[in-house]
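The values are calculated or read from the model by the stated rules, or taken from the named source; none is laboratory data. Owing to the predicted nature of the structure, the values given are computational and were not obtained by experimental measurement. Ideal geometry is used to build each Cβ from the backbone, glycine not excepted, and the neighbour counts take in all protein chains shown.
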Amino acid sequence: MAERPAICKERIGGWASPTLRRMNDDFDFDAWLRPSAKLEHEEPGAAKEAGVEDQGKGSIRYAWIGAGPCGGRIAKSFYDLGYKKVLAVGTAGRDLDLLDIPQSHKLLVEINQEDGTGGDVEKAARAVQQHRQDILHLAGQIFGTQVDRIMVCFGAGGSAGGGSAVELIEIAKRYARSIGLKDPNKNVGVMMTLPTAREAASPRVARNAHSIAAALNQMAAAGEISPLVIVDNDKIDKMYPGTTGQSFRPAVNKTVASLFDVFNRFSNLSSPYTCFDPADYDSIMGSGGCLVMGAAQVDRLDDKFAISKAVEDSLRTALFAGAEDLTKAKAGACVVIGGSELMAHIKGLQDNINYAFDVLSEVAGRATIYRGIYEDGTDGLSVYTIIAGLDGLTARLKDMNVDSCHQSNAVDMEGPPLRERTEDILPLAEYFLAKYAGRDDGPAKTLSPDAQTLIQNYCWPGNVQELADAIRHACDATPGPQIQPDVLPLEILFADGELFSQGVASTLDRVKRRIISKTYDEFLQSLT
């Protein structure tokens, strides 16, 4: 039996812990979420498995197709956990180049390797259609025949992922049939991310997200895919304000991938108590509709209601959309893992665990709820929940409507001075970036590291309005995807030094020298 890393002991009260808020800290979500009990892994038979060698040790053999930059990053998170049957499909070479997986797992499906789709979802769909045989061929080389379930991953707001998602689902189903899976509708699922309100300030992003989310919601409800897993970045953004996409998204991807890994591995574990077995897990994954997962740490083992509260917290603070009405669920599970010493010596612990299982059964209405209790070598107790067959995005789709979305995305232009809430500067800048870069369906834009440093350390005497004007000016002056500090308003870059923190003096001087040198060169050229 293979040894697995122990669960991190520094677990703090569910998803809303201060640790998760400090996204720049080096917190190991992977170690925190992965089960630490010993795994009995069946050795492969004599026949050599086709495709790349997978290192996953769960009961379901997954293959992952990542579409666009967001989907590629999600697939990469699974690759890092040992799920090596990963294929990244992109419409821009630069996006694939940034993805740290083997080159043989990447496929460029856009003729113009530099420009990508240019925000056109139909262009992305056509590109995938034209390369259908290439995708199937590479899938055969990577996935092989030893696959139980194929998941398509993408970001709903992007054109590359959102535009290609439906076509990739059909390709995945075709591949599933070719390797002998009898019901592809139950063996092909989707993992989709929804944009934040700041990102949806772009009309293009809002339209893309609403259109593909509505289509996939209907497919899930009709049983044409299973499951539909929706990571709601706007919900996460509200739960943990003050964080930025660059620091937050990688941690979220690792967390989501690790949750998947937890249930897949648990379903292949033996237990002296109650097992969550492969048939239970397969039933949940094939239930159709939306699927949500959650995890929480039990803090007070002397409280008979602490475990049941952790079960409720794990769903209430989950990172997923689609759980508006848990009473409509079809299937679910609750898995509890705790130290062997706790299990043996805490009086009434088993009764408290069983009560928590009963609470989940009540919350989930008529759903079949499977149970699992496992031991490990830690001194804590953790709860993992998974609910499937949910109705989906009724309320969330209404919120994502383009018109209502833009009516509700107003920002308080007054408020407390930005110099007193520096943690809001980058999130507000990202909001204005999406808003102004999305005018006339323009390309998405990001701030360079130097630009981020300068705006974070400027005191903004004109408050939010000055920041909004600066980002609009920078967007108008930047034809490409990345905004450099040189295009920020000169009255900011050459302002009194007291308006900047001392720590950015070198960055500010470098930007000033570059602007002066460029202006001088342009002056000399005008004389010739």
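Quick grid of which residues meet (1) closer than 27 Å to residue 251 by Cα; (2) out of contact with any Gly (no Cβ under 7 Å at 6 or more places or on another chain); (3) at pLDDT below 90; (4) among the aromatic types (Phe, Trp, Tyr):
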| site | (1), (2), (3), (4) |
| --- | --- |
| 291 | yes, yes, no, no |
| 296 | yes, no, no, no |
| 321 | yes, yes, yes, no |
| 324 | yes, yes, yes, no |
| 332 | yes, yes, no, no |
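Here region 337-357 is the region considered, the condition is being in a helix (DSSP H, G or I) and in contact with a Leu (Cβ under 7 Å, 6 or more places away or on another chain), and the residue that is modelled with the highest pLDDT is 349. For region 216-236, check the following and say yes or no: at least one residue is of a type in the set (Ser, Thr, Tyr) and either modelled with pLDDT under 80 or not assigned by TED's automatic domain parsing to the domain that holds residue 72 (or both). Looking for residues that are of a type in the set (Ser, Thr, Tyr) and either modelled with pLDDT under 80 or not assigned by TED's automatic domain parsing to the domain that holds residue 72 (or both), one finds none in region 216-236, hence no. A Cβ distance below 6 Å, combined with a sequence gap of six or more or placement on separate chains, defines the contacts here; from region 391-402, residues that are assigned to a helix (DSSP H, G or I) reach residues that are at pLDDT 70 or above and not basic (Lys, Arg) in the pairs 395/324; 396/321; 397/214; 402/206. Please verify whether residue 273 is in contact (Cβ under 8 Å) with a residue 12 or more places away in the chain and in a helix (DSSP H, G or I), treating the condition exactly as stated. When the stated conditions are applied, residue 273 does not pass them. Exactly one residue among 178, 211 is closer than 24 Å to residue 430 by Cα and surrounded by fewer than 18 Cβ atoms within 10 Å (Cβ to Cβ), and that residue is 211. Check off (1) in the same structural domain as residue 387 (by TED's automatic domain parsing); (2) outside any loop (DSSP other than H, G, I, E, B); (3) under 19 Å from residue 361 (Cβ atoms) for residue 304 and give me the number that stays unchecked. It fails just one condition, (2). For beta carbons closer than 7 Å, sequence separation of 6+ or different chains, a first residue in region 182-211 that is of a type in the set (Asp, Glu) and a second that is surrounded by 24 or more Cβ atoms within 10 Å (Cβ to Cβ) and outside any strand (DSSP E or B), the qualifying pairs are 199/157; 199/205; 199/434. Restricting to region 214-235, and then to whatever is among the aliphatic types (A, V, I, L, M) and buried (at least 23 other Cβ atoms within 10 Å of the Cβ), can you tell me which residue is farthest from residue 386 (Cα to Cα)? Applying the filter and picking the extreme gives 216.
Being within 22 Å of residue 424 (Cα to Cα) and either crowded, with 18+ Cβ neighbours inside 10 Å or over 17 Å from the mean Cα position of the chain (by Cα) (or both) is the requirement here; does residue 200 meet it? Yes. The single residue among 104, 77 that is crowded, with 22+ Cβ neighbours inside 10 Å, assigned by TED's automatic domain parsing to the domain that holds residue 254 and modelled with pLDDT of 85 or more turns out to be 77. I'm trying to understand the selection: among the residues of region 198-215, which are modelled with pLDDT under 75 and among the aliphatic types (A, V, I, L, M)? Scanning region 198-215 gives 200, 201.
Note on region 133-165: among residues that are assigned to a helix (DSSP H, G or I) and over 27 Å from residue 56 (Cβ atoms), the one that is modelled with the lowest pLDDT is 159. Filtering region 459-487 to residues that are touching a residue at least 40 places away in the same chain (Cβ under 8 Å), part of a helix (DSSP H, G or I) and farther than 12 Å from residue 437 by Cβ leaves 463, 464, 465, 467, 468.
A residue that is touching a residue at least 24 places away in the same chain (Cβ under 8 Å), in a helix (DSSP H, G or I), β-branched (Val, Ile, Thr) and closer than 21 Å to residue 428 by Cβ occurs somewhere in region 488-501. Candidates 318, 295, 310, 323: the one that is crowded, with 20+ Cβ neighbours inside 10 Å and either closer than 15 Å to residue 370 by Cα or touching a Cys at 6+ places or on another chain (Cβ under 8 Å) (or both) is 323. Sub-9 Å Cβ pairs linking a first residue in region 127-140 that is among the basic types (Lys, Arg) to a second residue that is at pLDDT 95 or above and in a helix (DSSP H, G or I), at least 6 apart or interchain, are 132/170; 132/171; 132/174, ordered by first then second residue.
Conditions tested, residue by residue: (1) under 25 Å from residue 232 (Cα atoms); (2) modelled with pLDDT of 90 or more; (3) not in a loop (DSSP other than H, G, I, E, B).
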site: 287; (1), (2), (3): yes, yes, no
site: 335; (1), (2), (3): yes, yes, yes
site: 372; (1), (2), (3): no, yes, yes
site: 375; (1), (2), (3): no, yes, yes
site: 382; (1), (2), (3): yes, yes, yes
site: 386; (1), (2), (3): yes, yes, yes
